[in-house]
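I have placed the structure first, in the form of structure tokens, so that the comments after it can refer back to it.
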Amino acid sequence: MDSTPLVRAVVEALMFFEHAADDEIDPDVAVRGIEVISHELDALSSADRVEFRLVLARIAETSGDSGGAQRAREVPFMLWGEE
């Protein structure tokens, strides 16, 4: 299975919660959304985290949109900080 579309969906969901204006989504709901996604992704094995990061790097490298590339690069730090 090509996991790229799934990883892109995770990136976009996280960025929506992170950058939504207060009139788009309640800030407490946005934080909770990020926490839920982060909690589920914490269950990834070490090998799966490596693969997730590789897919994010590939998305960033191939994105024709500098904003999309930046979003993909932000995700590991949002989820796990410096690893």
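Read-outs throughout are calculated quantities, based only on the coordinates presented, and are distinct from any laboratory measurement. Because the structure is predicted, anything quoted here is derived from the model rather than measured. No Cβ is skipped: glycine too gets one built from the backbone with ideal geometry, and neighbour counts run over all protein chains shown.
At a glance:
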{"quantity": "Taking the chain and dividing mean pair separation by its residue count, relative contact order in percent (alpha carbons under 8 Å, at least six apart)", "calculated": "34 percent"}
{"quantity": "Cα Rg over Rh - the chain, Kirkwood", "calculated": "0.97"}
{"quantity": "Helix axis angle, 46-62 relative to the chain longest principal axis, alpha carbon, degrees", "calculated": "80 degrees"}
{"quantity": "P(r), alpha carbons of segment 16-59 - 5 Å bins starting at zero, rounded %", "calculated": "5, 21, 18, 18, 17, 13, 7, 1"}
{"quantity": "Nearest-ten-degree value, helix 66-80 long axis tilted from longest Cα axis of the chain", "calculated": "90 degrees"}
{"quantity": "Inter-label distance for Gln70 and Ala13, nm, one decimal - labels placed 7 Å from Cα along Cα-to-Cβ", "calculated": "2.4 nm"}
{"quantity": "Modelled label reach - Thr4, point 7 Å along Cα→Cβ, segment 41-83 residues with backbone N closer than 18 Å", "calculated": "51-73"}
